[in-house]
Each structure stands twice: as structure tokens, then as C-alpha cells.
1. Contact list please: Cβ distance under 8 Å, first residue in the stretch 40-64 and at positive phi, second residue in a helix (DSSP H, G or I) and surrounded by fewer than 14 Cβ atoms within 10 Å (Cβ to Cβ), pairs at least six apart or on different chains.
2. Residue by residue through the stretch 127-169, note down the ones that are in contact with a Phe, Trp or Tyr (Cβ under 8 Å, 6 or more places away or on another chain) and either acidic (Asp, Glu) or not in a loop (DSSP other than H, G, I, E, B) (or both).
3. Go through the stretch 73-95 residue by residue and tally those that are over 17 Å from the mean Cα position of the chain (by Cα) and part of a helix (DSSP H, G or I).
4. Quickly run through the stretch 152-193 and pick out the residues that are among the basic types (Lys, Arg) and modelled with pLDDT of 95 or more.
5. Answer yes or no as to whether PRO149 is modelled with pLDDT of 95 or more and out of contact with any Leu (no Cβ under 8 Å at 6 or more places or on another chain).
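The values are calculated or read from the model by the stated rules, or taken from the named source; none is laboratory data. Worth saying up front: this structure is predicted, and the values here are computed from it rather than measured. All Cβ positions, glycine included, derive from the backbone under ideal geometry; neighbour counts span all protein chains shown.
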Amino acid sequence: MNKILQVLIGKYLFDNDLCSMKQIIKNNLSYFGLYAIVWLFVLIWVVTHSKLEQMLFINQHFSLWADYFFQLATQLGEGWFFVAIILVYLFISYDKALMLTASLALSSLLSSSLKLSFDTLRPLSFFADKHVNWHFVEGLQINIHLSFPSGHTTTAFAIFTLLTIFLYNKKWSLLFLLLACLAGYSRCYLFQHFPEDVLAGSVIGTFSSLLVYILINRMLANNPKEWHKRKLSSHKKT
């Protein structure tokens, strides 16, 4: 009997979470809808072209300004940027800062676990036997392994998906999607990842933030705490 109840309760919670996820996507349709279109477009391009063709196309379209720009864009996927966003949200809302922290932890765990499991070669080592005059950004260290998935892309999509959900004014959501996509593309431009790594990273980051948002909201709804609506700026000085 207990097992039956556990199964029924589990199904109830799963159905509720699924409904919550659908509602979140509906409320942020411009972000998730365009993301799905871009993702499918890139996926089709990836499966219809070899890795060499993909990287040649990206690598041959370079310029000096793009070298500088994408070195900046890739910082959007750095851990320090995520931590900076969390620190800002401590002055806005503790519960949102908690969600960001949990999303960083979950997305990093998933990304790192998959990297170690697959341990795939990055473009530099994958094409070691190809005599191609690749363009490299001067002074940039190129990694050689742990390619799949892209950790920077995972982090960027985890950040901007959650920030989009937080938004009251949804007109900024497309800007957030653009920033996440630029961070992902930068990983290929800088010759650090393949497009498939970026596709996978974007899914992991997006899913992590959706899951964290739903679970923490449910936890706070079932066990409301006085602290979760507070923020650092609300504390009175003594």
C-alpha cells in the first residue's frame, strides 16, 4: 500500500512539475520559442555537415574586432560572472539568489560529470592530423580535451534562462537569449568547442534553471520561511 501511495504521489508531483514547466515556457514563449527554433536549425546544420566542415566555416569567418569581441562574450559563461549575478540578487531577493546558486551548482555538476564521462577531444587535438591553416586568437590558450558538453555555454544558458524567468518586463528576454547564444558561439569561434558541445551545453543550462526554479518555488510554497523574501538591503543597521 505504501509503495502504491509513493508511486501515486510521485506521479502527482511529476504531473504538477510538468504543468509548471509548461506554464513557465508559455509565460516566456518569445525566449523559449526562438531558442527552440535556433537550436533545431543548428542541429540540422550539425547533422548534415562533418565536424571539419563546421569548424572550417566558423574559423574562416574571423576578424580582429571579432577576436576581441568573442573573448569578451565568452566571459558570460565564466563562473565568476554567475557568482557576480548571485551577489547582485542578494540585494534584490534571497529566494532568487538561492535559485541562481542552485542552478549554478546543478548545471556545473551535470556539465562536469558529462565531460569526465565522455572525455572527448577538442578541435585542436581532434584535427591534429589535418593540415589546415586554422585561425587562432593571439595569446589565447587552446584546450585539448573534455570537449563535450561546453561548460561555458551551460553556465551562460543557466544564467540567462533564469534571469528571463525572473523578468517582469519580458521585452528583455530576447536580449538575454542573444547574450547566451553569443557566449555559445564564442566557444566555437575561439576554437575551444564543436557546435554539438554548445547545443548540449545550452540544453543542460536551460533544463537546470527550469528544474531549480520549479523545485525551489514548490519548496518555499510548502514550507514558507520569513527569510526568503528578504534582501541584504532590507537589514537595518544597528
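1. Taking only residues 6 or more apart or on different chains, not a single pair turns up.
2. Listed by number, the residues that qualify are THR155, ALA158, ILE159, PHE160, THR161, LEU162, LEU163, THR164, ILE165.
3. The initial filter retains those residues of the stretch 73-95 that are over 17 Å from the mean Cα position of the chain (by Cα), namely 87-95.
Keeping just the survivors that are part of a helix (DSSP H, G or I) gives 87-89, 94-95.
Number of matching residues: 5.
4. From the stretch 152-193, those among the basic types (Lys, Arg) are 170-171, 187; that's our starting set.
Result: ARG187, single match.
5. On the way: modelled with pLDDT of 95 or more: yes; out of contact with any Leu (no Cβ under 8 Å at 6 or more places or on another chain): no.
So PRO149 does not fit the description; no.
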